[in-house]
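Reviewing the structure listed below.
The values are calculated or read from the model by the stated rules, or taken from the named source; none is laboratory data. None of these values were measured; they are calculated from a predicted model. Glycine also receives a Cβ, built like all others from the backbone with ideal geometry; neighbour counts cover every protein chain displayed.
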Amino acid sequence: MDLLTGLFSTAFLAGGVLALAALGEVLAERVGVVNLGAEGLMAMGAITAIATVTATPYPMLGFIAALAVGALFGAVFAAATVWLRANQVLCGLALTLMGTGLASTIGRSYSGMPARAVFERIEIPLLSQLPILGKALFSQNILVYLIYIILPLALHYLLFKTRHGLNLRAVGENPAAADAAGIPVNAIRFAYVTAGSALAAGAGAYLTLAFVPSWSDGVVAGRGWIAVALVIFAGYRPIPAALSGLLFGLITALGFVGQARGWPVAPAFLSMLPYLGTIALIIVPVLAWQRMRRIMAAPAALGEPYFRDVR
Amino acid sequence: MVAGLRLQRLPSAHPGIALAARGAAIFLALLLASIVLEITGAAPLELGAQVISATFGSTYGIEDLCLLLIPLLMTGLAVAVGQQIGAWNIGAEGQFYAGAFSATAIGLFVPGPTIVILPLMFIAGAAGGVIWILVPTLARAYAGVNELITTLLLNFVAALMVYYVSTGPWRDRVGMSNSATPRVKAEIPEFWGLVHWGLPLGVLMAIGFALVLSYSKWGYEVRLSGSNPSAAKYAGIPVRRHIITVMLLSGMVAGIAGMFEIAGTVHRLQGGISNNFGYLGIMVAVLARNSCIGVIFSAALMALILNAGIILQTQGLTTSAVLAITGLILFLTAIGDELAHYRITRIKI
């Protein structure tokens with residue numbers, strides 16, 4: 001494999017984690033809930049997946065188990081923030097602490113072992129023969145297609161081409177108006193926050209079953225937070241969210257190539273790139289394109305609980 | 001609901017009820033953790049008794065507790081100070097690392113008597129914390145970029161940096177350890193047993209912040225800018241300047257915490273030196289409802305919980321279990337805070 005193919009192949013693989021988690025976060029934020037628990041959900045998904053494939057040899061079962069655990073934690077978070085209207089920032093941070101702590105506690109007996117079963121690469125006939133992109137995109141594990149093609153397109157269609165999507169965006173922009181129009185605000189919020197949390201945990205499963213693939217303490221390493229930042233960068237849209245995940249996969253891949261080729265930079269500095277890159281990406285656009293602000297704006301009611309009686 | 005009674009939401013929670021909600025949250029979280037322990041085959045009551053006897057049964061136990069209290073007090077204060085103006089400094093962890101890093105740099109490479117080196121380390125630690133929060137601060141003040149994510153992401157950068165120097169260029173080439181720097185010679189003197197002067201200094205800092213915020217014009221302007229930025233701006237208060245000052249002060253306090261940890265407690269820079277103190281500091285500030293005086297008490301409580309986790313390590317519990325329990329307390333506190341807004345009123349039918 002030549003350099004460019006290798007670079008993009010790793011970029012697609014590495015970026016999948018961020019892309020999937022960012023897609024989940026898009027769902028939650030579009031209905032007006034900031035879910036800062038993504039980091040903890042990913043940790044829980046990651047350890048659930050490892051524990052599942054240690055018991056049974058089916059990676060897909062591990063992925064589904066992670067989705068289920070994510071939905072469970074997400075439902076608890078959503079119940080607190082949507083129905084009880086507790087502070088979203090505090091609940092999110094709490095979810096991150098709980099998920100990270102719990103996953104590390106459970107993970108001690110799985111630490112360092114490679115995953116028993118992983119998502120294998122599948123070569124798609126014909127398409128995988130294309131130059132560069134063929135090897136890079138079309139000979140990946142099955143989740144990569146889900147994350148970069150099926151899910152973003154499906155979510156884009158759902159959000160922007162259906163009546164239901166219009167309703168759920170209304171819930172995020174102006175819950176009072178949505179409520180007056182007969183849209184069940186809290187039910188929609190609950191459902192999409194839960195679904196988004198499931199995807200975040202799924203991203204954790206992808207991490208330990210397709211990308212790394214093993215569990216070690218701190219394996220999530222801030223990817224949940226990067227995903228939250230990517231959603232801002234992507235302007236709360238699914239297709240750009242998946243693409244910005246890819247962009248970060250590229251930065252990660254660059255670090256790997258650097259290490260493999262023995263660039264005279266310590267690996268620790270290469271590992272800093274995604275974090276520094278994220279910070280740059282959420283600061284620079286705001287400074288550079290003032291006009292973009294309206295298009296990229298967050299849902300108007302983001303972070304605000306909805307009280308029907310206090311208006 | 002019973003006829004004639006209805007729930008009414010008040011615009012702000014009654015402080016007494018909010019405090020009670022915190023107590024209930026801590027109790028419930030510990031109860032849940034005990035139930036989990038019971039199910040997994042441990043005996044929570046025995047473990048609890050063991051923790052209490054190990055902590056309060058000897059002066060060593062209390063000294064250990066105080067050594068944990070110092071960093072928690074400082075990082076909690078850092079978060080609480082930021083909250084005065086509505087800024088979420090989730091990066092106390094990173095600023096702690098940066099403070100420890102710069103203090104160690106002075107301690108290792110600048111020769112001189114302790115009386116000169118210690119103040120220099122203090123200044124370096126404070127500066128390290130300030131530098132670490134500088135970019136998030138400017139981004140928040142001038143571009144409106146949410147400081148929550150930017151401060152947090154820098155935690156990972158700081159951790160990587162400290163890991164790199166303590167296992168690489170600065171590592172101890174003489175001792176057995178490959179993952180820490182040599183011992184920093186300048187040490188903060190002890191004032192009681194193993195407990196160094198960082199404790200009274202930290203308490204003084206908390207009281208100082210509380211006084212300035214409550215009784216000075218600056219403090220009033222800061223609190224007003226925090227609770228209602230647009231009203232403050234309309235009243236001619238330089239909100240942006242206050243945001244910058246307060247956030248930098250917040251980073252400074254966390255940096256000093258890192259310096260204290262190096263010069264007072266650990267004496268070597270190593271990966272993981274921050275021990276989650278930055279994240280636990282969020283918890284400390286939330287439990288104190290962002291009161292600088294309250295931070296002293298909630299830090300003591302967190303120190304107790306963290307210490308319990310450390311004592312129970314021999315029983316198979318880990319600090320990550322403590323982190324999970326802390327998260328649970330935070331979660332229940334957040335719910336309790338909202339519920340504290342409600343009161344039941346009687347209505348005439």
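Scan region B:297-317 for residues that are within 12 Å of chain A (Cβ to nearest Cβ) and modelled with pLDDT of 95 or more and the total you get is 0. Say whether the condition of being farther than 16 Å from A:Ala280 by Cβ and either more than 19 Å from the chain's Cα centre (by Cα) or more than 14 Å from chain A (Cβ to nearest Cβ) (or both) is met by at least one residue in region B:147-159. So far as region B:147-159 goes, no, none of its residues is farther than 16 Å from A:Ala280 by Cβ and either more than 19 Å from the chain's Cα centre (by Cα) or more than 14 Å from chain A (Cβ to nearest Cβ) (or both). Considering B:Ala139, B:Ala206, the condition of being within 9 Å of chain A (Cβ to nearest Cβ) and hydrophobic (A, V, I, L, M, F, W, C) is satisfied by B:Ala139 alone.
State whether one or more residues within region A:261-272 are farther than 17 Å from A:Leu13 by Cα and among the polar types (S, T, N, Q). Looking for residues that are farther than 17 Å from A:Leu13 by Cα and among the polar types (S, T, N, Q), one finds none in region A:261-272, hence no.
For region B:185-296, the helices (runs of 4 or more DSSP H) that sit wholly inside it and include 3 or more residues that are at pLDDT below 95 and surrounded by 24 or more Cβ atoms within 10 Å (Cβ to Cβ) are B:277-287. Candidates A:Gly45, A:Gly92: the one that is surrounded by 22 or more Cβ atoms within 10 Å (Cβ to Cβ), away from every other protein chain (no Cβ under 13 Å), in a helix (DSSP H, G or I) and small (Gly, Ala, Ser) is A:Gly45. If only residues of region A:232-278 that are among the hydroxyl-bearing types (Ser, Thr, Tyr) and in a helix (DSSP H, G or I) are counted, the one that is nearest to the chain's Cα centre (by Cα) is A:Ser244. One residue stands out in region A:200-236 among those that are at positive phi and more than 11 Å from chain B (Cβ to nearest Cβ): the one that is modelled with the lowest pLDDT, namely A:Gly235. On inspection, B:Ile310 passes the criterion of being aliphatic (A, V, I, L, M) and over 12 Å from the mean Cα position of the chain (by Cα). Restricting region A:95-116 to residues that are buried (at least 19 other Cβ atoms within 10 Å of the Cβ) and among the small types (Gly, Ala, Ser) leaves a set whose member that is farthest from the other protein chains (Cβ to nearest Cβ) is A:Ala115. A residue that is within 30 Å of B:Ser227 (Cβ to Cβ) and of a type outside the set (Lys, Arg) cannot be found anywhere in region B:31-41. Annotation note: Cβ proximity below 6 Å between a residue of region B:119-144 that is closer than 26 Å to A:Ile232 by Cα and a residue that is of a type in the set (D, E, K, R) (sequence gap 6+ or interchain) occurs for B:Pro136/B:Glu147; B:Arg140/B:Glu147; B:Ala141/B:Arg240. Within the bounds of region B:341-349, is there any residue that is part of a helix (DSSP H, G or I) and either more than 7 Å from chain A (Cβ to nearest Cβ) or surrounded by fewer than 19 Cβ atoms within 10 Å (Cβ to Cβ) (or both)? Scanning region B:341-349, I find no residue that is part of a helix (DSSP H, G or I) and either more than 7 Å from chain A (Cβ to nearest Cβ) or surrounded by fewer than 19 Cβ atoms within 10 Å (Cβ to Cβ) (or both), so the answer is no. From the list A:Phe138, A:Phe211, pick out the single residue that is in contact with a Leu (Cβ under 7 Å, 6 or more places away or on another chain), free of Cβ contacts under 8 Å to residues at least 60 places away in the same chain and buried (at least 18 other Cβ atoms within 10 Å of the Cβ). Answer to the check: A:Phe138. Taken over region B:121-176, the criterion of being among the acidic types (Asp, Glu) and assigned to a helix (DSSP H, G or I) is satisfied by B:Glu147 alone.
Yes or no, residue by residue, for (1) at positive phi; (2) exposed (fewer than 14 other Cβ atoms within 10 Å of the Cβ); (3) hydroxyl-bearing (Ser, Thr, Tyr); (4) assigned to a loop (DSSP other than H, G, I, E, B):
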position: B:Leu7; (1), (2), (3), (4): no, yes, no, no
position: B:Ala25; (1), (2), (3), (4): no, no, no, no
position: B:Ala42; (1), (2), (3), (4): no, no, no, yes
position: B:Gln50; (1), (2), (3), (4): no, no, no, no
position: B:Glu63; (1), (2), (3), (4): no, no, no, no
position: B:Gly82; (1), (2), (3), (4): no, no, no, no
position: B:Glu93; (1), (2), (3), (4): no, no, no, no
position: B:Tyr97; (1), (2), (3), (4): no, no, yes, no
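Within region B:38-83, the residues that satisfy the criterion of being of a type in the set (A, V, I, L, M, F, W, C) and farther than 30 Å from B:Phe96 by Cβ are B:Ile39, B:Ala42, B:Ala43, B:Leu45, B:Ala49.
Within region B:261-277, which residues are within 16 Å of the chain's Cα centre (by Cα) and basic (Lys, Arg)? Across region B:261-277, there are no qualifying residues. For region B:318-328, a residue qualifies if it is over 15 Å from A:Gly40 (Cα atoms) and within 8 Å of chain A (Cβ to nearest Cβ), and exactly one does: B:Thr318.
Among the residues that make up region B:329-339, is at least one of them within 28 Å of B:Gly57 (Cα to Cα) and within 12 Å of another protein chain (Cβ to nearest Cβ)? Checking region B:329-339: at least one residue is within 28 Å of B:Gly57 (Cα to Cα) and within 12 Å of another protein chain (Cβ to nearest Cβ). Out of (1) in contact with a helix residue (DSSP H, G or I) (Cβ under 9 Å, 6 or more places away or on another chain); (2) part of a loop (DSSP other than H, G, I, E, B), what's the single condition that is false for A:Leu143? Of the numbered conditions (1) in contact with a helix residue (DSSP H, G or I) (Cβ under 9 Å, 6 or more places away or on another chain); (2) part of a loop (DSSP other than H, G, I, E, B), the odd one out for A:Leu143 is (2).
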